[in-house]
Amino acid sequence: MNVELSLLILLFLPLVSFLFLSLNGKRLSPALAGMIGIASLSVVTVLSLITAYGYFFEYGSVADVYQKLEPIKYEWLRFNENLSIDLGVLLDPISVVMLVVISFISTMVHIYSWNYMHGEERFQMYYAYLSLFTFSMLGLVVAVNMFQMYIFWELVGVSSFLLIGFYYTKQSAIAAAKKAFIVTRFADLGFLVGILLMSNGAQTLDFGVLIERLSVPSSPFTIAMSTGATFMGMSALAWGLILVFIGGAGKSAMFPLHIWLPDAMEGPTPVSALIHAATMVVAGVFLVARLFPIFAISAPDALEVVAYVGAFTALFAAVIATTQTDIKRVLAYSTISQIAYMMFSLGVAGWGEGHNEGYTASIFHLFTHAFFKALLFLGAGAVIHAVHSNEMADMGGLRKKLPITHYTFLIACLAIAGVPFFSGFYSKEAILSAAFHDNKLIYGVALFTSGLTAFYMFRLYFRIFWYKEAKADHGHGHDNHESHTWAMNIPLILLAIAAFGAGYIPFGHFVSADRSQVELPFHLELAIPPVAVGLIGILIAYMFFVKENVKALNVQQSFGAFYKWAYNKFYIDEIYLFVTKKVLFNLVGRPAAWFDRTIVNGMINGSASITAFSSESIKKIQSGNVQTYALYFLGGVLVVTSLLIYYFQ
Amino acid sequence: MEQVPLLHVLILSTTIFFLGMYGFFARRNMLMILMSIELILNSVNINFLAFNHYLYPHQLEGLFFSMFIITVAAGEVAVAIAIIINLYRRFNTVDIEDTNTMKY
Amino acid sequence: MNILTVLLFIPLVTVLSILFVRNDRAIKWMAFGGSSVQLLFSIWLTGHYMSLRSAGETAPMLFQSSVAWFEPLNIYFRTGIDGISLSMILLTALVVVAGVLVSWKIEKQVKEFFFLILLLSTGAYGFFITTDLFALFFFLELAVIPKYLLIGVWGSGKKDYSAMKLALMLMFGSALVFLGITALYFLGGHTWNILEIANLHLPIEVQRVAYVLLFTGFGVFTAMFPFHTWAPDGHSSAPTAASMFLAGISMKLGGYGALRVASWLLPDAAHELSWIFIILASIAIIYGAFATLMQTDLKYMNAYSSVSHCGFVVLGISMLTKAAILGAIMQMVSHGVMTALFFAAIGMIYDRAHTRQAKELGGMLKQTPFIGTAFIIAGLCSLGLPGFSGFVSEMTIFIGSWERIGAGYRIATVLAAASIVVTAVYILRAIGFAIWGTITNKEYLGLKDASWNERLAVVMLVAGIVLIGFAPFLLTRLVGADVDIIFASLVK
């Protein structure tokens, strides 16, 4: 099958399935709708694997350097001579890797939801939205044009909005959906202005041409954008990149735009696994990786911003994750922290031999993280399915009731904690060694964070599956066995295999900053500290949570106010609420509405009243008394006559 | 026979005219106002006749005009009286200040 | 007979024949039939136009004709269309059909209602096909008067106040327009013909005066700040179809006039003075968006959001770059269809629940899924979601505005772009309160979903915004050459 056709099917099959499912809606039986969704996604997965195989092993590389291929490209909307939105497919190592990740995880989630969402009222719409999301995400990663990316960027945003708000009768879900959309929309404003700035500077929207023009220091475009007007000490180019990064930070939930992600857990759990763990939230990382040559060559100061934001977010989110009691929120903060890893890994990377390890490491971690984090979420979903609660307090001792969930969850925890021989170990080691070579401060933060990661993940694990037996009188009378079936188990098992094995892929052969095939170096001496820190984290978690005891409580109390802060997510949400509700609504919106009603409308009404007033005052002349009229008439005649006499005398 | 000088006639007509004016503005009875209008018209008639007689004795335009005015005045009186009678039926008065409903 | 007069002929015949029919049902069907024929004819005309263009017709206006109207003053009824007017005609035809369909439940004075609605559309068609300034003014007036009656008779709330305010403010606008065009006539070449005036080189003093008068006058029609206050009151009091016409068609008369008359005919003044309108447009966009945030009545919300969205049109026109003008035209079409859909959905909700307060509603998606979905689609289009028409037009305006060099213009663009965040906030709030959520009022449990005519109207409008959203090149192909002509006269 030729490449163009298979890519077209790959992209449009989810769209077709979305349209079919959403237009037919309730006329389809839930089983049929689910089958259509699963079948189309399976085809997509097979096609993306074929594409990946073909790209990496057959036609992708020329002289050991992977090419940027654009097998499909159509002009969609032309703005002027230079700028147009083209829709097409760009194949390069990162987009191909993303294709595989998205289609695979999405298929797993489709299968899993078959059971998990069973009996939901809008089951068909759920599958329709999942298909819409998959379509948008695939379109995002293969974008050939900045605006194509922005288009699909918004579309994944809205699919996420619709899926978070899937339980639209629940107030918290409505609020979370709105919050997710608005926060990312705010960030997208940065992206949009960044696009405007950069497209104007480079006179193109095409990724290939853009990177070509702006990543060569001697090109006239680069010179024009990096010299000339500066704002706060940074060039137009750096600002353009930072604005684009703000867009990425919004979608990837970087501090301080992270607040929407934990709330997004209001959506169905498989959705969290797909969108808010594995695929959409890494779009920001993907965006920075896409523009990496420009960042690294022409605006290293912008890249530094990326590094520090990433490093801070990693630590910040990990600290919060250790205190949360809702298991999905723990996972959400863990996701933020892990994505921040990918982000600062890009930030510490540079251009050229020996510096670009961070780039490969970042995409590598993106790859492995997708599997183990999706697995964690799906496992958490299975737990929630069994106990009908998100709270740790309702859990404990579930390892016998949910054996498959237990073992797969354990594998995922080991992977994320960076225990050797599991996938997370390899990618995390690569990130840490990249950080070690570039920036010791970030390295230190990252090392500490990896200890925290191990601790909170195993806190979660022990708290769910060990600790003390949860009280069974939960009202739902959940019978103590795995109520879920093959549809939930198969994805768990497949993902567990991937979460274990993904680390053995020689990633450097496939993905590197200059698209050449390199060996990702393995530094044994640098591998020891993170493993040691991770094991300590696991050990502490074991001591605290394997059985019910008061040690954790004591430590918690010794932290005092700091614990309370972290538990309340450092009150970032409250600050946002203050800014939006108090400042924007009360200090901007209300005065604007008042100004409009009172001043502007007052002016209009005022001109009407002035007219009314003046007519009111002169209408008295019209008294109805004929003799008065005659007097006026006489007076008028006299005046006119005397004037005439005066002038014509 | 000694002719009355033109000036005397003009003084007479002017006096009648201003008497009419005064009546028109000052009287409140509509019939009186109507009479005042007649006075004004008649003063104009006198003027026409006087000028015709003294200045252009061989022409008749002045006479014609005064005939016109008398005819029109007759018609006008008919209409005016009709209006006044109607007003009287409506308001029970012929006082002009009480019939001031035709306003804003 | 000129082919364009058919565009006036069809609605006029419909209007007149409605007068002789007694049966209400028959009147509705006749109105529907007439407007559908008009829509089909407009679509055919577009095809015909495109085929002529691709056959190599390069005249700025096609299907030109001229009939003397009042020769002593050189007033002719001249017709001629280009892609821009065609796109407006298509918009009008679509909105009229949808408006007729959603008015199916009108029971009070049916004949007069449909008579006025179709008369209004006749005014709009005439406005878009004529190339004579005086005839243009005539049709502009013709499109104002029916609105007064539509709001005053069939409206709700403080309809007398609103109708009077709207009529007076629009009259004020058209008075300015009249001053402007008479200035062009007497101080220019003693001609009302747009095509001739475009080739005149008027002295800059004349241009300045006429530009400010004309742009402000037409600006009143597009609800430009600070002359926008007729819009919220007018929209909220108007019956559904009238709201759709007001926002969907009427506001476009202003945009079209500001582009075709003010900017095209007076290029030098446009370059010199466009900053005034850029400032006003930026204020309208951002301030309209914030004012929308505080509205609780759905119709007020959409009316204020129209102020904000039409600010984009004014911004695009006054930025004077090719992409910005293109974007302004796209925004006119897009906003016309989108806001008609929005008002239609709000009207359907109001017909059923008898309230438009967002907080008193809730759970509409559950009870009336079709209407709820229509509302959500209109909302998503309004906040500029890709795949719907709002996105492409706004992005084109942004790209075009950014091309104009200068810090002030950049700030205006960023402000305009910032408004899309605020838009997202108020749209999602409205969806969250009114459409999602649980049903709070027990009375709503009996509400019925949309009837066939409402469904048809919604489907047509959604098809419009999706078509432009997915295939913007159709629209750019239609108007591209004409934008080039306007742009060429601007850089000359």
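Residues in the stretch B:70-104 that are surrounded by 12 or more Cβ atoms within 10 Å (Cβ to Cβ), over 27 Å from B:Ser43 (Cβ atoms), out of contact with any Phe, Trp or Tyr (no Cβ under 7 Å at 6 or more places or on another chain) and within 13 Å of chain A (Cβ to nearest Cβ): B:Phe91, B:Asn100. Looking for something within 30 Å of A:Arg329 (Cα to Cα) and buried (at least 24 other Cβ atoms within 10 Å of the Cβ) - is there at least one such residue anywhere in the stretch A:223-235? No: the stretch A:223-235 contains no residue that is within 30 Å of A:Arg329 (Cα to Cα) and buried (at least 24 other Cβ atoms within 10 Å of the Cβ).
Scanning the stretch A:495-512 for residues that are of a type in the set (A, V, I, L, M), outside any loop (DSSP other than H, G, I, E, B) and closer than 19 Å to A:Met98 by Cβ yields A:Leu495, A:Ala498, A:Ala499, A:Ala502.
Can you name every residue in the stretch A:340-352 that is more than 9 Å from A:Ser362 (Cα to Cα) and either at pLDDT 90 or above or crowded, with 24+ Cβ neighbours inside 10 Å (or both)? The answer is A:Ala340, A:Gly347, A:Val348, A:Ala349. Of the candidates A:Ala566, A:Ala527, A:Ala513, A:Ala532, the single residue that is touching a residue at least 60 places away in the same chain (Cβ under 8 Å), aliphatic (A, V, I, L, M) and within 30 Å of A:Arg399 (Cα to Cα) is A:Ala566.
The residues of the stretch C:58-96 that are in a helix (DSSP H, G or I) and either surrounded by fewer than 16 Cβ atoms within 10 Å (Cβ to Cβ) or polar (S, T, N, Q) (or both), listed by number, are C:Glu71, C:Pro72, C:Leu73, C:Ser85, C:Ser87, C:Thr92. A:Ala527 falls short on exactly one of the conditions (1) under 32 Å from the mean Cα position of the chain (by Cα); (2) at pLDDT below 75, and that condition is (2).
Of all helices (runs of 4 or more DSSP H) completely enclosed by the stretch C:190-282, which ones contain at least 2 residues that are at pLDDT 90 or above and surrounded by fewer than 24 Cβ atoms within 10 Å (Cβ to Cβ)? Before you say what the answer is, go through the steps one by one.
Details: elements: C:194-199, C:204-221, C:230-237, C:240-245, C:251-257.
Helices (runs of 4 or more DSSP H) meeting the threshold: C:204-221.
Taking first residues from the stretch C:287-298 that are more than 9 Å from chain A (Cβ to nearest Cβ) and surrounded by 24 or more Cβ atoms within 10 Å (Cβ to Cβ) and partners that are outside any helix (DSSP H, G or I) and of a type outside the set (A, V, I, L, M, F, W, C), the Cβ contacts under 8 Å between residues at least 6 apart in sequence or on separate chains come to C:Leu298/C:Arg356; C:Leu298/C:Gln357. Taking the stretch C:415-428 as the range and being crowded, with 20+ Cβ neighbours inside 10 Å and at the interface with another protein chain (Cβ under 10 Å from one of its Cβ atoms) as the test, the residues that pass are C:Ala417, C:Ser419, C:Ile420, C:Val422, C:Thr423, C:Ala424, C:Val425, C:Tyr426, C:Ile427, C:Leu428.
For every residue, the table says whether it meets (1) of a type outside the set (D, E, K, R); (2) modelled with pLDDT of 90 or more.
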| site | (1), (2) |
| --- | --- |
| A:Phe123 | yes, no |
| A:Tyr127 | yes, no |
| A:Val141 | yes, yes |
| A:Lys179 | no, no |
| A:Thr184 | yes, no |
| A:Gly208 | yes, no |
| A:Pro217 | yes, no |
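Might you let me know whether the stretch C:453-463 holds any residue that is within 13 Å of another protein chain (Cβ to nearest Cβ), of a type outside the set (Lys, Arg), assigned to a helix (DSSP H, G or I) and over 21 Å from C:Gly384 (Cβ atoms)? Yes, because at least one residue in the stretch C:453-463 is within 13 Å of another protein chain (Cβ to nearest Cβ), of a type outside the set (Lys, Arg), assigned to a helix (DSSP H, G or I) and over 21 Å from C:Gly384 (Cβ atoms).
Okay, residues lined up against (1) within 30 Å of A:Ala202 (Cα to Cα); (2) touching a residue at least 12 places away in the same chain (Cβ under 8 Å):
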position	(1), (2)
A:Leu49	no, yes
A:Ser61	yes, yes
A:Asp64	yes, yes
A:Pro71	yes, yes
A:Glu81	yes, no
A:Asp86	yes, yes
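Considering the stretch A:416-435 alone, what residues qualify as being within 21 Å of A:Phe316 (Cβ to Cβ) and either outside any helix (DSSP H, G or I) or over 25 Å from the mean Cα position of the chain (by Cα) (or both)? If the condition is that a residue be within 21 Å of A:Phe316 (Cβ to Cβ) and either outside any helix (DSSP H, G or I) or over 25 Å from the mean Cα position of the chain (by Cα) (or both), then A:Gly418 is the only one that fits.
Only one of C:Ala344, C:Ala412, C:Ala374 is away from every other protein chain (no Cβ under 12 Å), closer than 26 Å to A:Leu15 by Cα and assigned to a helix (DSSP H, G or I); which?
Numbers: C:Ala344 fails: closer than 26 Å to A:Leu15 by Cα; C:Ala412 fails: closer than 26 Å to A:Leu15 by Cα.
Within the list C:Ala344, C:Ala412, C:Ala374, the selection yields C:Ala374.
The number of residues in the stretch A:5-51 being more than 27 Å from the chain's Cα centre (by Cα), assigned to a helix (DSSP H, G or I) and polar (S, T, N, Q) comes to 2.
Would you check if A:Val383 is buried (at least 19 other Cβ atoms within 10 Å of the Cβ) and in contact with an Asp or Glu (Cβ under 6 Å, 6 or more places away or on another chain)? Answer is no for this residue.
For the stretch C:148-189, a residue qualifies if it is crowded, with 18+ Cβ neighbours inside 10 Å and part of a loop (DSSP other than H, G, I, E, B), and the qualifying residues are C:Gly155, C:Gly188. You will find that of C:Phe470, C:Phe398, C:Phe433, the residue that is crowded, with 17+ Cβ neighbours inside 10 Å, within 29 Å of C:Ile349 (Cα to Cα) and at the interface with chain A (Cβ under 10 Å from one of its Cβ atoms) is C:Phe433 and no other.
Residues that are under 12 Å from the mean Cα position of the chain (by Cα) and more than 14 Å from every other protein chain (Cβ to nearest Cβ) were ranked within the stretch B:15-41; the one that is farthest from B:Ser66 (Cα to Cα) is B:Leu19.
Cβ-Cβ contacts under 6 Å between residues 6 or more apart (or on different chains), taken from a first residue in the stretch A:7-30 that is at positive phi to a second residue that is buried (at least 20 other Cβ atoms within 10 Å of the Cβ) and in a helix (DSSP H, G or I), are listed as A:Gly25/A:Gln124.
Which of the residues that make up the stretch A:52-104 are part of a loop (DSSP other than H, G, I, E, B), crowded, with 19+ Cβ neighbours inside 10 Å and more than 14 Å from chain C (Cβ to nearest Cβ)?
Here is the first cut: in the stretch A:52-104, the residues part of a loop (DSSP other than H, G, I, E, B) are A:60, A:63-64, A:67-68, A:79-83, A:92.
Restricting the remaining residues to those that are crowded, with 19+ Cβ neighbours inside 10 Å gives A:60, A:79, A:83, A:92.
Matches in the stretch A:52-104: A:Gly60, A:Asp92.
Looking only at residues of the stretch C:152-184 that are in contact with a Gly (Cβ under 7 Å, 6 or more places away or on another chain) and farther than 15 Å from A:Ala608 by Cβ, we find that the one that is nearest to the other protein chains (Cβ to nearest Cβ) is C:Gly173.
Note on the stretch B:68-101: residues that are in a helix (DSSP H, G or I) and touching a helix residue (DSSP H, G or I) at 6+ places or on another chain (Cβ under 9 Å) amount to 16. The set of residues in the stretch A:566-618 that are within 20 Å of C:Asp297 (Cα to Cα) and more than 13 Å from chain C (Cβ to nearest Cβ) is empty. Cβ separations smaller than 6 Å between residues 6+ apart or across chains give the following pairs from the stretch A:344-361 residues that are over 17 Å from A:Ser298 (Cα atoms) to residues that are part of a loop (DSSP other than H, G, I, E, B): A:Gly358/A:Ala349; A:Thr360/A:Val511; A:Thr360/A:Ser512; A:Thr360/A:Leu520. Within the stretch C:377-395, the set of residues being within 15 Å of C:Ile468 (Cα to Cα), at the interface with chain A (Cβ under 9 Å from one of its Cβ atoms) and not in a helix (DSSP H, G or I) comprises C:Gly384, C:Leu385, C:Pro386, C:Gly387.
The values are calculated or read from the model by the stated rules, or taken from the named source; none is laboratory data. What you are looking at is a predicted structure, and each value in this text was computed from that prediction instead of being measured. As a convention, Cβ positions derive from the backbone with ideal geometry for all residues, glycine included, and neighbour counts pool all protein chains shown.
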